[in-house]
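The structure under discussion appears below in the form of structure tokens.
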Amino acid sequence: MAAAAFAAPPLLLSSPPAPARAARMRRRAAARPFLRAACAYALQEGQTRRFHRLPCGLDLEVVAQPPLAPGERRPPLVFVHGSFHAAWCWAEHWLPFFSRAGFPCYALSLRAQGESSVPQEAVAGTLDTHTCDIADFIQKEIPSPPVLIGHSFGGLIVQQYISCLQGSESHPKLAGAVLVCSVPPSGNSGLVWRYLLTKPVAAVKVTLSLAAKAYANSLSLCKETFFSPQMDVELVLRYQALMKESSKLPLFDLRKLNAALPVPSVPNNTTEVLVMGAINDFIVDSEGLSETSRFYGVQPVCVEGVAHDMMLDCSWEKGAEIILTWLEKLKP
């Protein structure tokens, strides 16, 4: 019975709203179609916020930061967040870092996240929806092939994008892709079962923290789920508040997502892929990291001294420097 209750808990993602709540959300959205969400994040110097209009009429929030000292032409970087996050999670450290290194940077907020528009459905979208939104943004606003950088469920969206590249004119080519603490190609079901069988206490904590959104009201759970033990409490409180504001709807209907997985394999993949994990990741385990790296035939990089939210953690620069070294070696 206990196993059935946890059989496929929505790890990394909240469940779709209960029917009554979902109906209220739809009525509210219908009364004010395409309402923009609100997420109070003050941009840093050199950053701008704008909105990309999708063909369906929804707006996606874009936080951009140009290269600090334009010189040698470098590929644009497009950042894709995961659940309970938005463009702000990249704007905090990694956008300034890569801007200083000469890269044009763009962080997107997916539908119903950050300050992006809220659709009328009960969830923000599907894997294909989010992938097509990113493709539309790149096609219309990015002048040259970018490097897509995805975190957690954002990494799964990037994987779907790579799979769509073969024989597709609607998905612009990429200069490369980086998967940071990414959900593996098969989804999160394997992660869930491994936790249940080997770390039942951790499984309960993760389910409470994410599926039941207990991270939003428990400082200790938020810290353990996303950050290193050394993380400053004031910072955790700040990021916890931003996470609470960020997600107006779940990114996916998890049952439909799992039914659509694994992402299609890419036999003749020509996109360079960097697969990164974190030693202290409380969500994506080492087997999940290995699955993703095997899928792309690359050696994974596991970063020491950081947790799941590598781009916000107290040693955020460790992951950024590894990505920068990889970018420097990318073939033009």
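The values are calculated or read from the model by the stated rules, or taken from the named source; none is laboratory data. As the structure is a computational prediction, the values presented were derived from the model and not from experiment. Cβ sites come from the backbone with ideal geometry, for glycine too, and all protein chains shown count toward neighbours. Surface areas here come from the heavy atoms of the whole protein model, side chains and all, with no ligands, DNA or RNA. Shrake-Rupley method; radii C 1.70, N 1.55, O 1.52, S 1.80 Å.
Within the range 103-124, track down each residue that is open to solvent by less than 10 Å² (accessible area, probe 1.4 Å) and either over 25 Å from Gln65 (Cβ atoms) or over 19 Å from the mean Cα position of the chain (by Cα) (or both). Reasoning before the result, please.
Just the residues of the range 103-124 that are open to solvent by less than 10 Å² (accessible area, probe 1.4 Å), to begin with: 103, 105, 107-110, 112-114, 116-117, 119, 124.
Residues satisfying the conditions are Phe103, Pro119.
The requirement of being open to solvent by less than 40 Å² (accessible area, probe 1.4 Å) and within 19 Å of Ser163 (Cβ to Cβ) is not satisfied by Leu254.
Pairing residues of the range 130-145 that are touching a residue at least 60 places away in the same chain (Cβ under 8 Å) with residues that are of a type in the set (Ser, Thr, Tyr) and buried (at least 20 other Cβ atoms within 10 Å of the Cβ), at Cβ distances under 7 Å and at least 6 apart in sequence or on separate chains, gives no pairs at all. Residue pairs whose Cβ atoms lie under 8 Å apart, separated by 6 or more positions or on different chains, with the first residue in the range 169-181 and under 24 Å from Glu304 (Cβ atoms) and the second among the aromatic types (Phe, Trp, Tyr) and crowded, with 24+ Cβ neighbours inside 10 Å, are Ala177/Tyr161.
Among the residues making up the range 90-102, those that are open to solvent by less than 10 Å² (accessible area, probe 1.4 Å) and touching a helix residue (DSSP H, G or I) at 6+ places or on another chain (Cβ under 8 Å) are Trp94, Phe98.
Within the range 268-286, residues that are part of a loop (DSSP other than H, G, I, E, B) reach partners that are among the hydroxyl-bearing types (Ser, Thr, Tyr) and open to solvent by less than 10 Å² (accessible area, probe 1.4 Å) with beta carbons closer than 6 Å, at six or more positions or on different chains, in the pairs Asn280/Ser228; Phe282/Thr225.
Yes/no matrix, rows are residues, columns are (1) more than 21 Å from Ser265 (Cα to Cα); (2) surrounded by 22 or more Cβ atoms within 10 Å (Cβ to Cβ):
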position	(1), (2)
Val63	yes, yes
Arg74	yes, no
Phe79	yes, yes
Trp88	yes, yes
Ala135	no, no
Pro145	yes, no
Ser152	no, yes
Leu156	no, yes
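Among the residues of the range 283-332, those identified as small (Gly, Ala, Ser) and open to solvent by 10 Å² or more (accessible area, probe 1.4 Å) are Ser286, Ser290, Gly297, Gly305, Ser315.
Here is the figure for the range 287-309: residues that are in a loop (DSSP other than H, G, I, E, B), among the aliphatic types (A, V, I, L, M) and over 22 Å from Pro75 (Cα atoms) total 2. Could you please give the count of residues in the range 206-221 that are of a type in the set (A, V, I, L, M, F, W, C) and modelled with pLDDT under 75? Looking only at that region, the number is 6. List every residue pair whose Cβ atoms sit under 9 Å apart, with the two residues 6 or more apart in sequence or on different chains, where the first one lies in the range 311-328 and is of a type in the set (Ser, Thr, Tyr) and the second, anywhere, is open to solvent by 10 Å² or more (accessible area, probe 1.4 Å). Note: pairs meeting the criteria are Ser315/Gln230; Ser315/Glu304; Ser315/Gly305.
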